[in-house]
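The values are calculated or read from the model by the stated rules, or taken from the named source; none is laboratory data. Since this is a predicted model, take the numbers as computed values, not measurements. With ideal geometry, Cβ positions are generated from the backbone for all residues, glycine too; neighbour counts draw on all protein chains shown.
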Amino acid sequence: MITAEAHSVLVACVLVCAAVAAVALLWTRAPYGRHARGGWGPTLPGRLGWVLMESPAVLLFGWLFYQGTHRADAAPLALLSLWMLHYVHRTFVFPLRIRSTKPMAVLVAALAFGFQVSAAFMTAPWLSELGRYPDAWLTDPRFLGGAVLFLGGWVLNLHADTVLMNLRQPGDTGYRIPQGGLFRWVTAGNYLGELVMWAGWALATWSWAGLAFFVFSTANLAPRAAQNHRWYVERFGDAYPAERRRLLPFLW
């Protein structure tokens, strides 16, 4: 089990990596999804890449949580349930729902895998060992408000993903403009839902670990949202809704 001192160092490293990732993504597009392209080394099947790179968030996270002395306490278990609600779906269900996937660069999968390993060591021991979550935490406004935000963001993210998946019919490889839900206001409705979810997580855990995870997610997804918005505008021109923002409704 990670010590409190090592945990503080890990949180600081994740925050530094968030800054580095945000700057790097201003200059390059992560080569997956609609931005997939050659020149990034060997690849592996897209669905397999998703499972492999997200798997530490379920398997390693669960094992680390189980090592904690508070693993059977109600509040840590409630927080674990929120985490697993998202990541069991993201790791094992989401890849099967995708209608078609492009090959994923091994480098991309390896970087994501490394982050999820770091996130597991940063978060799971905090919930079941280093943090303090008595049963009374379940009625604390921070937990209740955070849980509502998390679940609301999870539903929004799930709906946005479904909208994107349903744009294509079987065998269709083209792109269309998503409509409905959060896409009425922003290009990256799926990312907005995910960031609402992780903001809720930071509030529900009331921890530096939760905040660091939210900051890193924002540093990764905000530049990606801007890149996707630019891609849609360039591809569809005047047909793309001019009032649609990148990530934040009516703002950006």
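What the table below lists for this structure:
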| quantity | calculated |
| --- | --- |
| Failed item, numbered, when Phe250 is tested on (1) of a type outside the set (Lys, Arg); (2) touching a residue at least 60 places away in the same chain (Cβ under 8 Å); (3) at negative phi | (3) |
| Pairs where the first residue, in the stretch 214-227, is without any contact (Cβ under 8 Å) to a residue 40 or more places away in the chain and the second is aromatic (Phe, Trp, Tyr), C-beta under 8 Å, 6+ apart | Phe214/Trp198; Phe214/Trp201; Ser217/Trp198; Leu221/Tyr191; Ala225/Tyr191 |
| Filter pass, Pro103 being under 30 Å from Ala242 (Cα atoms) and at pLDDT below 95 | no |
| Cβ pairs under 9 Å, 6+ apart, first in the stretch 176-187 and over 11 Å from Tyr240 (Cβ atoms), second hydroxyl-bearing (Ser, Thr, Tyr) | Gly181/Thr162 |
| Flag for Thr205 being under 30 Å from Arg132 (Cα atoms), buried (at least 20 other Cβ atoms within 10 Å of the Cβ) and either more than 13 Å from the chain's Cα centre (by Cα) or at pLDDT below 95 (or both) | yes |
| Residues of the stretch 92-124 satisfying the condition of being among the polar types (S, T, N, Q) and out of contact with any Gly (no Cβ under 7 Å at 6 or more places or on another chain) | Ser100, Gln116, Ser118, Thr123 |
| Residue within the stretch 54-63 that is modelled with pLDDT of 95 or more and touching a Pro at 6+ places or on another chain (Cβ under 6 Å) present | no |
| Of residues in the stretch 84-111 being out of contact with any Phe, Trp or Tyr (no Cβ under 9 Å at 6 or more places or on another chain) and hydrophobic (A, V, I, L, M, F, W, C), the one farthest from Arg47 (Cα to Cα) | Leu111 |
| Any pair with Cβ under 6 angstrom, 6 or more apart, that starts in the stretch 47-59 at a residue that is crowded, with 22+ Cβ neighbours inside 10 Å and ends at one that is not in a helix (DSSP H, G or I) and not small (Gly, Ala, Ser) | Gly49/Met104 |
| Condition met for Gly153 (surrounded by 21 or more Cβ atoms within 10 Å (Cβ to Cβ) and more than 22 Å from Ala72 (Cα to Cα)) | yes |
| Failed condition for Val163, given (1) over 17 Å from the mean Cα position of the chain (by Cα); (2) surrounded by fewer than 16 Cβ atoms within 10 Å (Cβ to Cβ); (3) of a type in the set (A, V, I, L, M) | (2) |
| Filter result (more than 11 Å from the chain's Cα centre (by Cα) and not charged (D, E, K, R)) within the stretch 220-237 | Ala222, Pro223, Ala225, Ala226, Gln227, Asn228, His229, Trp231, Tyr232, Val233, Phe236, Gly237 |
